[in-house]
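Derivation of every value follows stated rules applied to the coordinates shown; laboratory data play no part. As the structure is a prediction and not an experimental result, all values here were calculated from the model. All Cβ positions, even for glycine, are placed from backbone atoms using ideal geometry, and neighbour counts span all protein chains on display.
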Amino acid sequence: MKVSIVRDAGVTTKPFKDYFKGFEKVEAVRRIFGQRTDEALANLRVEFAGRRGYMGVSETDGHLIISADYLSRGDMVDLYLDIIHELVHVRQFMEGKELFDHNYEYIERPTEIEAYRSAVEEAKRLGLSDKRICEYLKTEWISDHDLERLAKAVNVDCAGLKSEGKQRRVS
Ligand SMILES: [Zn+2]
């Protein structure tokens, strides 16, 4: 090969708190991290990805990965609830838990159920209807059948929500 490649590119991340303000005061977030809330959020880094998708947590070092497109165009409530969901994964990572245990299906994975429960609890506290919460839970990678199973696991009634092949509102 007559080319060379600079291979130590690393990953560019930014401080979470530069972009997400006030989360350390949210009761749901304080429940996730307890006494380590301020420290956890102060140390958390975010990678903004130039590709489609929503959010996730790096399995290498536990930083957040967020689609810049979703961040700029996603529904504010969806974004907020996604952050709550992902912060649960950040804490799980800090605890050394396996986030992507493929012995489980996505919607049965204990780490996912815990994250979804926290987000749904917060959605209910905000006063969101079951219908709206189901719309939030209905992502393109979840079938109607799996949505009902997930809804049951997090105590929401999604039986009436028929899929129209919809994905989350991105304006
Ligand atoms: Zn998750």
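Side notes on the structure shown:
- Identity of the residue in region 49-102, hydroxyl-bearing (Ser, Thr, Tyr) and loosely packed, with under 12 Cβ neighbours inside 10 Å, that ends up nearest to the ligand (Cβ to nearest atom): 60
- Residue 70 vs. criteria within 21 Å of residue 138 (Cα to Cα) and in contact with a Lys or Arg (Cβ under 9 Å, 6 or more places away or on another chain): yes
- Residues within region 133-143 that are free of Cβ contacts under 8 Å to residues at least 40 places away in the same chain and closer than 15 Å to residue 155 by Cβ, tallied: 3
- Residues satisfying the stated conditions in region 103-116, i.e. polar (S, T, N, Q), in a loop (DSSP other than H, G, I, E, B) and within 12 Å of the ligand (Cβ to nearest atom): none
- Residue match in region 119-126 (condition: more than 27 Å from residue 9 (Cβ to Cβ), within 12 Å of the ligand (Cβ to nearest atom) and surrounded by 14 or more Cβ atoms within 10 Å (Cβ to Cβ)): yes
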